[in-house]
Amino acid sequence: MDPEVFREDSALGVRGLMRAWKAGNVAIANAPGCGVADDKVVYSYVPDIIRFYLDEEPLVQNVPSCLCSVEKDRQYVLEHLNELV
C-alpha cells in the first residue's frame, strides 16, 4: 500500500499515501484498520490457534462462528439465514 509505512523494499503501492491519508488529503476505500475486507472466518480458528501456538486454553470465549465448509455448520446457517449476521 505504501512502502514508507509497510514494506520498504516493495515496488508496489504509492509512496507517501499514508502521510497524505493522515493529513486528510486523500480518502482510501477500505482503509487500514476499517475491517471491511477482514476475513471473519479467521475468528472461528482463533481458539485452535491459541491451543496450537500457546499450548493453553483461550481465556475469553470466542464469538460463535460457522464454517459453511463444515456440513453441520452449513446446515445450521441455511436453516437460520434470517437470524445470522
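Miscellaneous remarks
- Scanning the range 1-36 for residues that are open to solvent by 50 Å² or more (accessible area, probe 1.4 Å) and closer than 30 Å to Glu57 by Cβ yields a single hit, Gly33.
- Criterion applied to Val42, Val46, Val36 was being modelled with pLDDT under 90, part of a helix (DSSP H, G or I) and either closer than 30 Å to Trp21 by Cα or aromatic (Phe, Trp, Tyr) (or both), and the one residue passing it is Val42.
- Count of the range 49-85 residues which are touching a Pro at 6+ places or on another chain (Cβ under 6 Å) and either in a helix (DSSP H, G or I) or of a type in the set (A, V, I, L, M, F, W, C) (or both): 1
Rundown of residues vs (1) closer than 30 Å to Phe6 by Cα; (2) among the β-branched types (Val, Ile, Thr); (3) surrounded by 12 or more Cβ atoms within 10 Å (Cβ to Cβ), yes/no style:
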| site | (1), (2), (3) |
| --- | --- |
| Asp39 | yes, no, no |
| Ser44 | yes, no, yes |
| Asp55 | no, no, no |
| Cys66 | no, no, yes |
| Arg74 | no, no, yes |
| Leu81 | no, no, no |
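The values are calculated or read from the model by the stated rules, or taken from the named source; none is laboratory data. Bear in mind that the values here come from a model prediction, so they are computed numbers and not experimental data. With ideal geometry, Cβ positions are generated from the backbone for all residues, glycine too; neighbour counts draw on all protein chains shown. Ligands, DNA and RNA are stripped out before the accessible areas are found, and what is left, the full protein with its side chains, is counted by its heavy atoms. Shrake-Rupley method; radii C 1.70, N 1.55, O 1.52, S 1.80 Å.
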